[in-house]
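The values are calculated or read from the model by the stated rules, or taken from the named source; none is laboratory data. What you see is a predicted model; the values in this text were computed from it and never measured. All Cβ positions, glycine included, derive from the backbone under ideal geometry; neighbour counts span all protein chains shown.
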Amino acid sequence: MFISVFSWLRSLSVVGRTVVGLTTLGVAGAVTLPSIQPTNTTPIKTETEMVEAAPVVTNKIITETKEIPFDKKTEKDSNLTKDTRKIKIAGVPGIKTLYYSVTYADGVETKREFTKEEITTRPIDEITAIGTYVEYVAPEPQPTTQSSNCDPNYSGCVPIASDVDCAGGSGNGPAYVSGPVQVIGNDIYRLDRDGDGWGCE
């Protein structure tokens, strides 16, 4: 009787547990019965494994360059004809470097803060020259009848005297003449200071 009962227990299943490998003693002798083992093999996570890992936070300084525009200025130049314009110095933009502190979480940028800027290269101003030179054109002498009181070395009546100076000048005379007068002979009164053939210009 015990042998048949234990044979039946050998294949018994209890609430999802298979009864294997149990051993007991009966009247008819020793009978090995199955032991009970769990059939669910899904691993159970520990509390540490269930806590989500914190993101890896890093910080880095990055730079950015920007162009600095140049200024445009003008200056007068007596060597250029009046109102003529010429670029004397070409303008060159400058460069400035901007510094930022950048925070990353798992490699993704989360924050950016401006820290400072430095001028890497200063701009060069553009200089344009504007001409102011006006060429002097002497007026055509007017034909006049030279009187006996006019010096024949000049066209335009220059009085004959011990000394003649230009009217409005610093000379002390005693005689004066309003110019311009053309020197056609010897400039005995030194009225033509620049030697262009005209006096008292």
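Checking the conditions here, which among 138, 129 is assigned by TED's automatic domain parsing to the domain that holds residue 101 and closer than 30 Å to residue 75 by Cα?
Details: 138 fails: assigned by TED's automatic domain parsing to the domain that holds residue 101.
Only one candidate qualifies: 129.
Can you find a residue in segment 138-147 that is closer than 30 Å to residue 86 by Cα, among the hydrophobic types (A, V, I, L, M, F, W, C) and not in a strand (DSSP E or B)? Break it down stepwise before answering.
Just the residues of segment 138-147 that are closer than 30 Å to residue 86 by Cα, to begin with: 138.
Subsequent filtering for residues that are among the hydrophobic types (A, V, I, L, M, F, W, C) retains 138.
With the extra rule that they be not in a strand (DSSP E or B), the set shrinks to 138.
So far as segment 138-147 goes, yes, one or more of its residues are closer than 30 Å to residue 86 by Cα, among the hydrophobic types (A, V, I, L, M, F, W, C) and not in a strand (DSSP E or B).
Residue 172 passes every criterion in (1) outside the structural domain of residue 65 (by TED's automatic domain parsing); (2) surrounded by 10 or more Cβ atoms within 10 Å (Cβ to Cβ) apart from (2).
Out of 128, 132, which single residue is β-branched (Val, Ile, Thr), under 60 Å from the mean Cα position of the chain (by Cα) and loosely packed, with under 15 Cβ neighbours inside 10 Å? Show your work before the answer.
Numbers: 128 fails: loosely packed, with under 15 Cβ neighbours inside 10 Å.
Just one listed residue meets the conditions, 132.
If you check 129, 175, 167, 161 for being in contact with a Leu (Cβ under 9 Å, 6 or more places away or on another chain), among the small types (Gly, Ala, Ser) and touching a residue at least 12 places away in the same chain (Cβ under 8 Å), only one passes: 129. Pairs linking a residue in segment 188-201 that is assigned by TED's automatic domain parsing to the domain that holds residue 150 to a residue that is modelled with pLDDT under 85, with Cβ atoms under 7 Å and 6 or more positions apart or on different chains, are 198/138; 199/179; 200/179; 201/179.
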